[in-house]
Each structure stands twice: as C-alpha cells, then as structure tokens.
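The values are calculated or read from the model by the stated rules, or taken from the named source; none is laboratory data. Worth saying up front: this structure is predicted, and the values here are computed from it rather than measured. Backbone-built Cβ (ideal geometry, glycine too); neighbour counts: all protein chains shown. Surface areas here come from the heavy atoms of the whole protein model, side chains and all, with no ligands, DNA or RNA. Shrake-Rupley method; radii C 1.70, N 1.55, O 1.52, S 1.80 Å.
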Amino acid sequence: MNSRALDIRSRVVPDALVAVHSDEVANVSEEVLPGVTGIRDETNLVFGTSFRPSVTPVTTNMSSNPSTQKISRVSFASLTPNNLGTVRKLNSVLFPIKYSEKFYQGVLLPEVEDFCKLIYYNDVPVGTICCRLETKDDEIRLYLMTMGVLAPYRSRSLGSQALELILASAVAQRKPKISKIYLHVQVSNHGAKKFYERHGFKEVGVHENYYKKITPHDAWILEKTLS
Amino acid sequence: MSKALPVPAKRHLPSKEATLFKELLTLYETRQLKKGLKTADQILKKFPEHGETICMKGLLLTHMGRREEGIDFVKKGVKLDLTSHIVWHVFGLIQKGEKNYEEALKSYTQALRFDKENLNILRDAAQLQTQLRLFDALVETRHTLLKIRPSLRQHWIALAVAYHLNGNLSEARKTLEHYERTLKNVADYDIEHSETLLYHVRILEEMEDYSEALSLLDVNSKSRAIVDRTAIMECRARLLSKLKSDEAEHAWRALIEHNPDCYDYYRGYFSNQGLSLENSSQEALDILRQFSSQLSKATAPRRLALTIATGDEFRDLAKSYLLSGLTKGIPSLFVDVKSLYTNASKRDVIEELAEAARVEFTPSSDTPPSSAEDTDPTIYLWTLYFLAQHHSYLGRPKKALETITIALEHTPTLPEVHTCKARILKRAGDLLGAAKSVNDARLLDGQDRFLNTKCAKYLLRAGCVEEASNMLGLFTKKDAVSPGADLEDMQSLLYLMEEADAHYRNGKPNLALKKYHAVQKVFNEIEDDQYDFHGYNLRKFTLNIYMKLVKWEDQLRSHPAHVKAALSASRIYIKIHDDPSIATAITSSPQLTGAEKKAKKKAKKAAQKVQEEPKKGPTPSANEDKGLEPVQPKDDDPEGLKLIGVSDPLEQAFKLLQPLTTLVTDNIDVWTVVYDVAIRRKKYLQALQALNHARALNVEHPEVHVRSMHFRQTIDTLPEEPPAPIGPLLKEVAQKVVPEGLSILTFNGQYLQRHISEPLAVLAAAKVAHGLKEPVQEVEQVVFGVLGEGTQLDIPTALKVLEFLTEIKSGRVEEFRSVCNKQFEISTVFKPLTELEALQKRTLSGEEEEKEEDISPA
C-alpha cells in the first residue's frame, strides 16, 4: 500500500495566538445518519489489505520566543488493529460517549487510512482524528466522526495540523473523488464551531435532536466543499 | 575414509564388491541415503558377514530415521570386524549423535588404533577432546594432524589453540611464530590473518610480555595486516597502560573520542591515570568536566561525574543531568540514577531536585494554557513518572500511587506510566491489581512483545497460570503444541522460571519440578551447542572470541537462572523427602481441577500430534536426512508425576547441586541447600564442608545460623559416632558452633537478642527453637517478634513467616495474616484465600466487562 508522505510543513501555519479548546471540538455522532449507507464498495477494498503504521515526523517550531526555542515533535500514525487500544483509551477520556465495535472496525478500513490518524506529541499519542466515507447521490463525502486532543496538549495547534492533514489527503484523493467534508458540532460548542470555520467550514444547518443522551440535543452541521 | 592395511581375510572383498564399497562410502558422504542402502544390500547379498558394510548400512538407516534398526546393524557390524577403523568410526558417529561424548571418544580412539593417520577421525577426535576438556590428549591429536598435513593453515592455528587451552602459552606462541614465518604472499585485507595476529598479540599479553605484544601489534597494524581498527585501539591502550607508557593516556583518550559513551574506555583512562571512578576526587571530576564539554553529546562522562561529585557540586551536576533527561523524555532515567541512592544525601538531593522540577513544570490551573511560553507537557509527565518510581523504590507505595495517578490522568496513553503503576502495586503486594495495570499498558500497543511478556509475567506472579499462557500465546508460534512448548524451545528462561515459581506457589510442586528441569535442559543444550564451535571457529579463525566462548561455557552453570532452578528444585526434593505424603497425594489422586483437565486435554492432543507426525513423514522423500541425533522422545510425563514420585529425591537434588559447589562458591543459599541435602543423606563430611563454606561467608546470616544449630543438634544426638577421623572432626566443629558452656537454646536466645530488629533473623531463631522441640506457643511468641516496633518487616519476609506458621500448624496463622493485611494496606497477598479467589475472578472478568456498551441505534 502506498503510504503517502504526510509532509504538511508547507501548509500549516502554527496559530499559536488563537486558543482553541479542542475538547469542545469533540463532536459526537451517535448513529449513522438515516439514509446514508456506509460505503462497502468492493473495488475500494482491493488495494490495501495490509495495515502498516506510517509515522512521518513533522517538526514544528513551537515557540516564537527565541529564549525557549524548543523543538517539539508532532507526528501522525495510521490506525492498525494493534494501536486501536490507544484510540479506545483516548476516546474513553475525550468523549462522553462509548463507541461501538462497529466504529472501531470502520476506522480500520483500508479506504479511510488517510482519514483516520493518531496524533503524537514527542512520541506520546495524545489525540486522534477519525473520519468515514459516505456515499450519497453518487457523491463521495467525508464525514468527520471524532477529533480530540488530551487536555494538557491543547492549544499547540495539534488539532489544526491534524485537520489540515486530513483535508489535504481528501483533496489529493482522485479515485474516488471526494466532494466535501462535513461534521456535527453540539450547539453549545462555540469554540469548536469557530475552529472549523477558521479552516473553511460553513454552517449549513441544524440537526435537531441529534444527540440522544447529552444536552443540548441539537447539533450544527458544518461543511466544507473540496475543490 | 581411507583404508588401512593389511586387510584381514574376512574383510577382503573381490574387486567388484570393493568398488561397490567405495561407491557406498561416497554415497554416504554425499548423503544419497537410498542409493547407498541399495549398494550396501548388493554387497551383503554375496558377503552377508561383511562387518564394514553392515555398519555402513546401519549408519544409513539411522540417518533415514530408522534409528533402532540402524543401531542394531552397527553393533552387529562392529562385532564382526573388531579391527576395522571404519566400524569404530561409524560407532563413534552414532554415539556422538547421542551426545555421549565420552563413549564416542573411546570408539574414535579404537578407530585410530587401526588407522593412525585418518584425518577425518583425528579431527572429530580433537573436537571431542575439546568438548570433554581433555587438553593433553588434544595437543597430541593436533600435533598428529599438523604432522600429516602441515600445509593447512588451520592445523597450525589449531595446535596453538590446543597449547593455549592446555595452559602452555610459550608453546602456543612458538607455534604461531613458526607458522607466521612460513607464510608467503598474504593477500591484502585478509581477515583470517588479521584475527590470527590479534590472537598472537593476546597470547603475548597473557604471557605478560607486553613490549613484545605491543611491537607485534604496531608492526602489523602499520602494515595493515591487522584490519580491525577498534581492536587495535583497545589492545594498544591496554598494553600501553600495562607498560606504564606515557602514550597510554593519549591512547585511552582516542578511544573515548572514538566512542564517548563506552564506560569501559573511561574506566581504562582513569585507572591508567591512577584515579578511581568510585570515590570522590576533584581531579577525576575535573577531567570528566573536560570530557563533558568536549563531547557535548555523550552522557557517560556526565553520569560518571555524578558518582564522584559531592555536595553542591553534585547538586549542580545532578540538576542539569536530571533536567536534560526529563526534557528529552528518557524513560530509563530513574533506572540510570538509582545506583546513586546508596548514598543517602545524594538520594535526598535527587528527590529535592525532582520535586522542584515537578513544581516548576506543573501547569497552572487558573490561566488557560498559552502555548508559546509553555514548557512541553511531556516534561511534566516524565517528571511524575520519575517521582513515582523514586517513591516506590524507597518503599512509599502510597506516595508513588498518588503520583502515578496524576500522571495517568494527565496522559493515559503512555504504556510506561501503566507499567510503572503495575510495578508499584506489585511491590506493595497487590499482585492482581498489578497484572491489571500492565494489561492496560498492553492494550495500548498490541504489537509490543515486551508488554505482552510483562503482562504474562505479572499474571504468573498473581497465580493465573492459564491466563498467562493464553496471553503468551498471542506471540508464540501458532503451530506449537502450546505457548509454553514454543517458549521452552526458544529457551525462554524468564517464562520457565516464572511459571515454575507460580506452580509452586499454587501448590503444584510436580509442575514446578517439570519447569525447573526444563531450565536444566536448556543449559544442557547450551553446553552441547558449543560442540560445533570447536571446529567452526578454527575454520573461520575467530580465535579470540572462541577462547571467550570456551571460558564462558566452563562457567555456564553459574548463570543465575540455572542456580535458582537447581536450588528451587532441590528444595522441593527435600520437602518430598521430609514429607512423602506431598508426593503421594499428587500421584495417587489426580485432582481434576478445571485447569488440570485442560492441561490433560492439551497433553493428549500433543501426544496425538506426535503420533500423527510419522504418518506424514515418509511421504516426502525416503532420502531425507534425519541426522544422527535421536528424535526427542515424546513427553510421557506432562504432569511431572514421575518427577515428583521418584524414590530417591535426595539423590536427585544432589545431582542438581553438584555443579554449583564448584562454580558458585560465594552464594550462601547454595551452601545451605547443599547442607540440607547432605545432612539428610547422612553424608556428614559433605554437610560439614557446606556448613564451613556458609559460615565463612557470613556466620550471622539467618539461614546459616539455622544450619549451624541444626548441625550441632544432629551431631549431639547421633546414635553412634562415625569412625575416626570423621567422627572427632564432626564433634570438634559441632562444639565450635556453640560456645562452651552454653546450650543451643541459650545461644539461640543470644542470637535473637543480637538481631531482634531483623525479621529474617527472628524467623531463624524461631525455626531453631522449633527444631529443638520447644512448645509451639514459645515458637509463636518468638516469631511474632517480627511485628514488633522498630522491626522493618517487608512483604516477602512476612510471607515466609506465614509459611512457617502454617508448617508448624500454629493456631495463630490467621491472626498473623490479618495483622499483615492491615499493616500492608495496599497488598492483597494476606487476604483470606476465599476473598482472594473472589478478587481474582472479579479482576480477570473486569477486563471483559468494559468491552461492551453499545450506543443505542436511532
């Protein structure tokens, strides 16, 4: 399987001044949206049977202050059956919801390898981002299911780097082409909404009673069209 | 194989058959077994009594896996032609295959009587002589080989090595000098030649002819005949030091620059300068500072400086060392510095520094983290990790747990933090909790075999043998009979020892014995494995490393795992001897607990597999070479019932301990167990020797005290004094053990007073009292002293006390248990058995419980 180079140095602007509380970024999907079927296209399954973790270190200078110039290492790894335990652990402390086995099987599918990642900070796994592919009206869309970073590691642009990485992979994918990426944000979570808007997402509507077990129940639908 | 003359009549074959026989030999050499067998049969049709052919047939059959049949033929052949070198050679080959080296050498010696100059036989004999360490004979054999074929380089070297092994360095040197003079046109960059020269230098060094060694080294490194640059540098520095040359300092410095993290080079440098790296010295410290500033990336000089420095200087150096380690996130930082803790003030400084770092790196809670000025959160995490280990090491489990809990809340995804928590719990006596924590770590990274093994080990410590086996099975070969069988093949001493200990604690001494014997087997195999190297290393000219190997093999059985397995097995044998009902209870009524049933099933399956294999066997090719080693017979005692049911347990123990008495003479445990076995076998002189050894090591050691008193008591109550000179000698020592005018009991009381604050000594005094048939109440009184104020009772000792109380059928077992349960708050090992079992069930099933909790579909 081709492990795409995850070089995003050129794309990421470390936005150290904007404090984003990515704990609020955690958007939680409780169930597959009605009318949307998970893609099970066999042709997509053909190319990738082996799960190889591809960790590509991305070095970012975390400090603009020259006196505390410290190099922190940020890197990403693909999900494999072996590091899934780390994803489970992260989800269990990041989100107020327990994910089903179906979720964990889904993120291991070869076609989402570029869209499901573990985020490492100085070689310690501190966050995850997980998407799934959906087909609606002959259109392939990317749905961002979860994204979160452990509390002590927030405001270090880890979330931004992860999101940009996913966006870049989505744009780069040709077959099948991905038309847009969307997600849900709980209507109380303004920080998260701002965060996504900064990355070019737009609110396209409100999904009422999206969350069953947590309040408020409503969620914004945020969307970004990919070109 | 060349033939010898003259040929006796019954061996003589007409020319047609003689040709066939020659063909047969070639067919064997090229391992064309089936064809060879046909040829042999062809000869035997006309000459059915031809001994050499019968032997060859037997050899071929053995190679083809028809072992018993083959050996019968070989034996028959030998009988038919006792003066043929071929039959003896064949017989020797078979015995060698059985690893019966002594007998094989005898056969080879026979063969050589009838064919003195057979190169193959001589070479094999030399290898056997090396394996058996018969160095005089080896020199002879190598000499003969060299005389026959002086043109072979290898024969010269082999002779030198033989002399060397036999302790005759000057002859070894002469041989090498002679050999080097005969050499012409050595190719450039000839590694074999280079190795030989380095070996030559080494011999000169061992002869303490350092200047000669140095000049040989210098000449040949300049001419580039010696090509191993590192070896040249190391050897040169060593020799210059020994010659007290001024150049030595430079040579060592060059080595340090060559590899600035090699502690040996620093040791060499400093010992050359007459400085110690252990004691504080300003001069040494200054030099280390220089090295630190020159070699900015090396940690070795910085770490070495910590050992030497004191006071404020230590504080400064330690601070920068710790901070650099914490910033880089070096997981082994604590393990690295903990050896400094023998110095209490250094220990306190490190604690202070680490606590200060913790305060400094703690993220402020009120202001939201502003990324720019912030320190890396990972530094805080590694600081907590360091401190947790620190507190646990110093016996403060509560503080350690508090710290590690904060770390886990901070970052729950770092396996090290979970394993650290596991270790804290293990030390504090919560074995199940420890196993659970290490399993948490394992779940984070499924492909980490270290975590898998750790997890299995912790399960074994908690007594969950079956669960551990399943855990290990995630990484062992899938087609192995069981995970354990694969690990035994792989010679995993860790697994064998841990499972043996677990079986023992679980009250299954039979299975424990089984594993301890498996450890013995591993060491037998290692010893056998060296055989091939006696030939291989000479062929490859890797002589220095070969000499190291031979020395190492001679020390092999002093390996800690071997010692521990031998001692533990012997202790079981002693127990069986003292109370045969232990063995009969296990052998007569097979307790069919769930685990055992399963084990039986598995064993049955395994046996079936072994039986099935030959069915598959013949189909691929009848020509397949199965070698001369006998196939591992299938295990007919998977439960270790035969092991535990032996009629002579003490003899078994004696055999196990035998190698230890010469190799591990500084180990008190060895001598006390040797004593225990000897005194029970009524080998009083042996017992006396063991006791003397132990007393010479530490006469006040609790276990030694117990034996001393036991010895006196035994000798005093002997029904009949053994004949002189043994009897009087025993008496003499027995008198010496307890000063004149004191009874054993009084002396024991004095011992107790001397060591009243040492729990193990208190236990020893109680054991002696029990041995003297003091009333149980008295003994209990003594042993409960371990709970006294000012006594530092630890968990392992408390468990020993508990075991002793149970052994003497004390009525206060539960009392002691509950006191310990209170005293060691975190521990679970002192909980009543029923409670512990429930806890075990809960902990083990708890892992599954977490799994399911689906989100309800809309």
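Within region A:123-139, the set of residues being buried (at least 21 other Cβ atoms within 10 Å of the Cβ) and farther than 16 Å from A:ASN83 by Cα comprises A:CYS131, A:ARG132, A:LEU133. Condition check for A:TYR211 on (1) part of a loop (DSSP other than H, G, I, E, B); (2) within 14 Å of chain B (Cβ to nearest Cβ); (3) surrounded by fewer than 20 Cβ atoms within 10 Å (Cβ to Cβ): one failure, at (3).
Yes/no per residue for (1) under 25 Å from B:ASP190 (Cβ atoms); (2) in contact with a helix residue (DSSP H, G or I) (Cβ under 6 Å, 6 or more places away or on another chain):
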residue: B:ARG229; (1), (2): yes, no
residue: B:LEU239; (1), (2): yes, yes
residue: B:LYS242; (1), (2): no, yes
residue: B:HIS250; (1), (2): no, no
residue: B:ARG253; (1), (2): no, no
residue: B:ASP264; (1), (2): no, no
residue: B:LEU277; (1), (2): no, yes
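The residues of region B:382-434 that are crowded, with 23+ Cβ neighbours inside 10 Å, within 14 Å of another protein chain (Cβ to nearest Cβ) and touching a residue at least 40 places away in the same chain (Cβ under 8 Å), listed by number, are B:TRP382, B:THR383, B:TYR385.
Exactly one residue out of B:GLY329, B:GLY268 is open to solvent by less than 30 Å² (accessible area, probe 1.4 Å), of a type outside the set (S, T, N, Q) and in contact (Cβ under 8 Å) with a residue 40 or more places away in the chain, and it is B:GLY329. The number of residues in region B:282-305 that are open to solvent by less than 30 Å² (accessible area, probe 1.4 Å) and either free of Cβ contacts under 8 Å to residues at least 40 places away in the same chain or acidic (Asp, Glu) (or both) comes to 10.
Counting the residues of region B:680-706 that are open to solvent by less than 30 Å² (accessible area, probe 1.4 Å) and either touching a Phe, Trp or Tyr at 6+ places or on another chain (Cβ under 7 Å) or basic (Lys, Arg) (or both) gives 5.
The selection criterion, being open to solvent by less than 40 Å² (accessible area, probe 1.4 Å), touching a residue at least 24 places away in the same chain (Cβ under 8 Å) and closer than 19 Å to B:GLY463 by Cβ, does not hold for B:ALA566. Based on this model, can you work out whether B:LEU80 counts as modelled with pLDDT of 90 or more and under 38 Å from the mean Cα position of the chain (by Cα)? So B:LEU80 does not fit the description; no.
In this structure, A:ILE221 does not satisfy being surrounded by 18 or more Cβ atoms within 10 Å (Cβ to Cβ), not in a loop (DSSP other than H, G, I, E, B) and not small (Gly, Ala, Ser). Could you please let me know if B:VAL737 is open to solvent by less than 10 Å² (accessible area, probe 1.4 Å), among the β-branched types (Val, Ile, Thr) and over 29 Å from the mean Cα position of the chain (by Cα)? In short, yes.
Of the helices (runs of 4 or more DSSP H) lying entirely inside region B:256-364, the ones with 1 or more residues being of a type in the set (Gly, Ala, Ser) and under 30 Å from B:PRO415 (Cβ atoms) are found at B:300-308, B:311-328, B:344-361. Criterion applied to B:TYR341, B:TYR380 was being modelled with pLDDT of 95 or more, within 21 Å of A:ARG154 (Cα to Cα) and not hydrophobic (A, V, I, L, M, F, W, C), and the one residue passing it is B:TYR380. Going residue by residue through region B:571-578, is there one that turns out to be under 27 Å from B:GLN652 (Cβ atoms) and in contact with a His (Cβ under 6 Å, 6 or more places away or on another chain)? Looking through region B:571-578, none of the residues is under 27 Å from B:GLN652 (Cβ atoms) and in contact with a His (Cβ under 6 Å, 6 or more places away or on another chain). Determine whether B:LEU59 is open to solvent by less than 40 Å² (accessible area, probe 1.4 Å), over 19 Å from B:TRP88 (Cβ atoms) and either at pLDDT 90 or above or outside any helix (DSSP H, G or I) (or both). No. Within region B:638-677, the set of residues being within 21 Å of B:GLY507 (Cβ to Cβ), open to solvent by less than 20 Å² (accessible area, probe 1.4 Å) and out of contact with any Ser or Thr (no Cβ under 7 Å at 6 or more places or on another chain) comprises B:GLY640, B:PRO649. Region B:145-211 holds helices (runs of 4 or more DSSP H) entirely within its bounds, and those carrying 1 or more residues that are of a type outside the set (A, V, I, L, M, F, W, C), touching a residue at least 40 places away in the same chain (Cβ under 8 Å) and in contact with a Lys or Arg (Cβ under 8 Å, 6 or more places away or on another chain) map to B:153-165, B:191-206. Of all positions in region B:35-46, none carries a residue that is touching a helix residue (DSSP H, G or I) at 6+ places or on another chain (Cβ under 7 Å), part of a loop (DSSP other than H, G, I, E, B) and in contact (Cβ under 8 Å) with a residue 24 or more places away in the chain. When region B:19-68 is filtered for residues that are of a type in the set (A, V, I, L, M) and farther than 24 Å from B:LYS96 by Cα, the ones remaining, listed by number, are B:LEU20, B:ILE43, B:LEU44. Reported count of residues in region B:531-579, each being assigned to a helix (DSSP H, G or I) and closer than 20 Å to B:VAL674 by Cβ, is 22.
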